[in-house]
Amino acid sequence: MSPVLEPVVPLSARRRPVPRWLRRTTGPLLLLVLWQVSSATGVLPSDILASPGTIAGTASDLLQDGTLPHAMLVSVQRVLIGLLIGGVTGVALALISGLSRLGEDLVDASVQMLRSIPWVGMIPLFIIWMGIGEAPKIALIALGVTFHLYLNVYAGIRGVDAQLIEAGTALGLGRWGLIRHVVLPGALPGAMTGLRYSLATAWLALVFGETINADDGIGFLLNRAREFFQTDVIVVCLIVYAALGLLADFIVRTLERLLLQWRPNFTGK
């Protein structure tokens with residue numbers, strides 16, 4: 001009886017691959033351990049930066065007394081209102097400019113000129129025009145959102161393959177049929193990219209906006225903690241900003257996967 005030959009499997013192929021979530025969390029966990037050890041040994045003084053344990057305790061206290069949830073609710077509300085206003089404005093301008101040469105001549109030059117102005121520099125004018133209430137904060141967020149969505153939606157519309165337009169025309173689609181079935185779906189990837197950039201800009205604008213005489217919100221907690229040198233509260237507020245930004249990006253990524261199932265993407269190897 002002849003011996004049974006078994007294929008030789010390389011040793012590297014027998015090893016179980018390390019889960020991706022474990023690889024992604026290794027770096028942050030090591031940094032957290034190093035931070036805690038540095039604080040415990042006195043290498044990192046508490047008046048420079050509070051330890052992770054102290055920050056966790058402060059976050060727990062702010063959650064229990066309702067201070068942090070209320071501040072988060074106020075800040076998220078500001079971002080959503082600004083995102084809605086800026087989103088509608090940016091998309092509307094992009095449609096006018098992208099679908100028509102006349103619209104491009106009337107709109108694009110003005111938008112490009114305004115885009116070159118740092119939107120943070122508009123804070124003094126917003127205070128003069130709107131006072132120090134909620135309006136300048138929301139206007140600052142809307143302004144930052146508008147330009148990102150305009151640029152990406154406009155580029156998405158103008159980036160639609162001309163051969164698709166010709167094919168749609170050959171199939172009998174009129175102007176509005178082409179816009180609905182060819183141009184807008186083709187511009188959707190650019191719009192989703194613009195939405196991700198807009199959300200990041202919205203949170204950045206919120207940080208600046210809540211320095212305008214804010215009496216509530218995460219920025220208010222941040223500024224008050226700065227006055228009393230409360231580094232633990234400052235770090236808690238920064239973590240909240242980061243967590244809300246990541247949550248918003250996750251929602252947009254999920255929406256992108258649902259809306260762009262027809263487009264194959266390279267996801268890495």
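The values are calculated or read from the model by the stated rules, or taken from the named source; none is laboratory data. The structure presented is a predicted model; accordingly, all values stated were derived computationally and were not measured. Don't worry about glycine lacking a Cβ; one is built from the backbone with ideal geometry, like all the others, and counts go over all protein chains shown. All accessible areas refer to the heavy atoms of the entire protein, side chains included, with ligands and DNA or RNA removed. Shrake-Rupley method; radii C 1.70, N 1.55, O 1.52, S 1.80 Å.
F228 contributes an accessible area of around 140 Å² to the protein surface, as traced by a 1.4 Å probe with all chains present. Averaging the Cα positions of each part gives two centres, and for the stretch 202-241 and the stretch 108-154 these lie 21 Å apart.
Rolling a 1.4 Å probe across the protein heavy atoms gives the stretch 92-204 an accessible surface of 54 Å² per residue. Remark: relative contact order (the chain) = 22 percent; criterion is Cα-Cα distance under 8 angstrom and separation of 6 or more residues. With R₀ fixed at 35 Å, the C-beta to C-beta distance from R226 to S116 puts the FRET efficiency at about 0.65. Given the choices (1) 21.9; (2) 22.5; (3) 18.4, Kirkwood radius over Cα pairs in Å derived from the coordinates of this structure is entry (2).
For the stretch 169-247, what's the relative contact order in percent, using C-alpha pairs closer than 8 Å and at least 6 residues apart? Present the calculation step by step, with values, prior to reporting the outcome.
Details: 27 pairs, mean separation 15.6, N = 79.
Relative contact order of the stretch 169-247: 20 percent.
Solvent-accessible area assigned to carbon and sulfur over the stretch 132-191 amounts to 65 percent, based on a 1.4 Å probe.
Roughly speaking, to the nearest percent, how much of the stretch 55-104's 1.4 Å accessible area is carbon and sulfur? Heavy-atom surface of the stretch 55-104 belonging to carbon and sulfur, 1.4 Å probe: 72 percent. Listed by number, the DSSP H helices of the chain that run 24 Å or longer by alpha-carbon position along their axis and have mean Kyte hydropathy of at least 0.0 are 20-40, 67-99, 134-158, 184-209, 231-259.
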